[in-house]
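Taken together, the values in this text are just the output of simple stated rules run on the coordinates, not laboratory data. Small disclaimer: the values here were computed from a predicted structure and weren't measured. Cβ sites come from the backbone with ideal geometry, for glycine too, and all protein chains shown count toward neighbours.
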Amino acid sequence: MDLNFPAILVMAVFVTGGIWLIDSLMFAPRRRAMAADESSKGANPEEIARRTREPILVEYARSFFPVILIVLLLRSFLVEPFRIPSSSMMPTLLVGDFILVNKFAYGVRLPVLHTKIIEVGSPERGDVAVFRYPRDPAVDYIKRIVGIPGDEISYRNKVLYVNGQPIPQTPIGRYTGIGSGVRETGSLHSIETIDGVEHATLVRVGAPDFPPGCQVLLRGPIKVPDGQYFVMGDNRDNSNDSRCWGLVAEENLVGKAFAIWMSWDSQRPGFPIAWDRLGKGIE
């Protein structure tokens, strides 16, 4: 069962904050009054402190509430970490990369409800975006936005076409994968440029234009309607994306990926951490 971490954080904030608030309004004043009364009667200070001590539950709630609240605010409105579980975005993102996602790049949204409350910016072609999978919103996907509202998108013979124009590709050789990505060794490694954004892609020469098991939706050019986006993985022959299940609605967008803060692959020869990827920006 998938855990809804944002909902858990919201619940934790309400529970810890509620316990602290109720105690502050109802029980803490009684304890202070009791302590003052006992002190006026000359009672032992240590005994007074013991009898009027704050309950352990309240102590924990008071300690954890600000920490949980800060985590919720940062995660909901600023930056959220994600882990890359598959090879669909290779070679840009590798299996085991831990990335940071700008949560306000496409507008500020309320946690859990996902309702946009502040307009900030709009997705652009070339953005690497995290979104809630249209067929199961509980699952987060990450792909590259290649089509924005109004675009006509097609993909044939390993070439992406936007509004009838082929997106430039510059082959740079054969790819050599390591660790969990070793099976991509031998793929054609190219640099694709979309709206000035250069990024690497992988394709397997001779493979069909659509990944195995893909329920192909893109047989011909598709017009991207308002409020929708066409997304694809950089590992074109091993990506379950808009070619297979359709477009991503604007309300499903989570944020824009911008940096790798850790890269841990247990299948990597030698040490599992790829030190050269730490702090690397995402284009």
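Please give the net charge around Phe27, taking every other residue with its beta carbon less than 14 angstrom from that of Phe27, where Lys and Arg add +1 and Asp and Glu add -1.
Numbers: positive: Arg30, Arg31, Arg32, Arg51, Arg53, Arg62; negative: Asp23, Glu54, Glu59.
With Lys, Arg at +1 and Asp, Glu at -1, the net is +3.
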Requested in this report: Of the options Ala12, Ser39, Ile68, report the single residue whose Cα projects farthest towards the positive end of the charge dipole of the range 1-102 (beta-carbon charges: Lys, Arg +1; Asp, Glu -1).
Outcome: Ser39
Requested in this report: Taking the chain as the reference, fit the longest principal axis to its C-alpha atoms, fit the long axis of helix 56-73 to the helix C-alpha atoms, and give the angle between the two in degrees, 0 to 90, nearest 10.
Outcome: 30
Query raised in the report: Amide H of Gly147: which non-local residues (sequence gap of 5 or more, or other chain) have their own amide H closer than 5 Å, using H built in the peptide plane?
Result: Phe230
Query raised in the report: Residues with beta-carbon under 13 Å from that of Leu78, excluding Leu78: net charge, scoring Lys, Arg +1 and Asp, Glu -1?
Result: +3
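Run through every distinct alpha carbon pair of the range 128-283 and return the Kirkwood hydrodynamic radius in angstroms, one decimal place.
On the way: mean 1/r = 0.0600 Å⁻¹.
For the range 128-283, the Kirkwood estimate is 16.7 Å.
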Report task. Taking the Cα centre of the range 84-277 as origin, sum charge times position over the Cβ atoms of Lys and Arg (+1) and Asp and Glu (-1), and report the length of that vector in debye to the nearest 20. Result -> 360
Query raised in the report: Residue by residue through the range 157-168, which ³J(HN,Hα) values in whole Hz follow from phi under the Karplus form 6.51 cos²θ - 1.76 cosθ + 1.60 (θ = phi - 60°), with glycine and proline marked x?
Result: 6, 6, 10, 8, 10, 10, 6, x, 9, x, 7, x
Query raised in the report: the chain: Rg/Rh from Cα coordinates, Kirkwood Rh?
Result: 1.18
Requested in this report: Name the residue, out of Ile117, Ile194, Ile260, whose mean-square fluctuation peaks in a Gaussian network model built on the chain with Cα pairs under 10 Å.
Outcome: Ile117
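May I ask you to give the average projected area over all directions of the convex hull of the Cα atoms of the range 58-115, in nm² rounded to one decimal?
If you wrap the Cα atoms of the range 58-115 in a convex hull and average its projections, you get 5.6 nm².
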Report task. Report, by chain and number, residues whose modeled amide H sits under 5 Å from the one on Arg109, excluding near sequence neighbours (fewer than 5 apart, same chain). Result -> Ile117
Query raised in the report: Of Met89, Val146, Pro225, which is farthest along the charge dipole of the chain in the positive direction, counting Lys and Arg as +1 and Asp and Glu as -1 at C-beta?
Result: Met89
Query raised in the report: In whole Å, what is the distance between the alpha-carbon centres of the range 1-55 and the range 116-165?
Result: 49
**Report entry** Cβ-based exposure ranking for Asp276, Asp237, Asp265, in which fewest neighbours within 10 Å come first
**Finding:** Asp276, Asp265, Asp237
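Given an 8 Å cut-off on Cα distances and at least 6 residues of separation, report the relative contact order of the chain as a percent.
This gives 19 percent for the chain.
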Query raised in the report: Residue by residue, what Karplus-based ³J(HN,Hα) values in Hz, rounded to whole numbers, does the range 103-108 have, using 6.51, -1.76 and 1.60 with θ = phi - 60° and x for Gly and Pro?
Result: 7, 9, 4, 10, x, 8
Report task. Could you list Leu110, Leu247, Leu93 in order of exposure, starting from the residue whose Cβ has the fewest other Cβ atoms within 10 Å? Result -> Leu110, Leu247, Leu93
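One-quarter of the Cα convex hull surface for the range 182-274, in nm²?
Its average projected convex-hull area is 8.3 nm².
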Report task. Report the charge-dipole magnitude of the range 5-78 in Debye, nearest 20, computed about the Cα centre from +1 at each Lys and Arg Cβ and -1 at each Asp and Glu Cβ. Result -> 80
Query - Signed unit charges on C-beta, dipole axis of the range 84-277, positive-most listed residue Val120, Ile260, Leu110 - result: Ile260
**Report entry** Mean residue ellipticity (222 nm) of the chain, computed from DSSP H runs ≥ 4 via -39,500 (n - 2.57), nearest 500
**Finding:** -6500 deg cm²/dmol
Requested in this report: May I ask for the angle, rounded to the nearest 10°, between helix 28-40 and the longest principal axis of the chain, with both axes built from Cα atoms and the value confined to 0 to 90°?
Outcome: 30
Query raised in the report: Out of residues 5 or more away from Val254 or on other chains, whose amide H comes under 5 Å of its own, with H placed 1.01 Å from N in the peptide plane?
Result: Val130, Phe131, Arg132
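Using the Cα centre as the reference, give the magnitude of the dipole from point charges on the C-beta atoms of the range 191-245 (Lys, Arg: +1; Asp, Glu: -1; all else neutral), rounded to the nearest 20 debye.
Computed about the Cα centre, the dipole is about 280 debye.
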Report summary line: Along the range 85-97, Karplus-curve 3J(HN,Hα) (6.51, -1.76, 1.60; θ = phi - 60°) to the nearest Hz, with x for Gly and Pro, reads x, 9, 9, 5, 10, 5, x, 5, 10, 9, 4, x, 5
Query raised in the report: When the gyration tensor of the range 17-68 is built from Cα positions, what are the square roots of 5 times its three eigenvalues, in whole Å, from largest to smallest?
Result: 25, 11, 6
Query raised in the report: Just Ser40, Ser154, Ser187 to compare: in a GNM of the chain, with alpha carbon springs under 10 Å, which one fluctuates most?
Result: Ser40
**Report entry** Contact order relative to length of the range 150-198, as percent, for alpha carbon pairs under 8 angstrom and 6 or more apart
**Finding:** 28
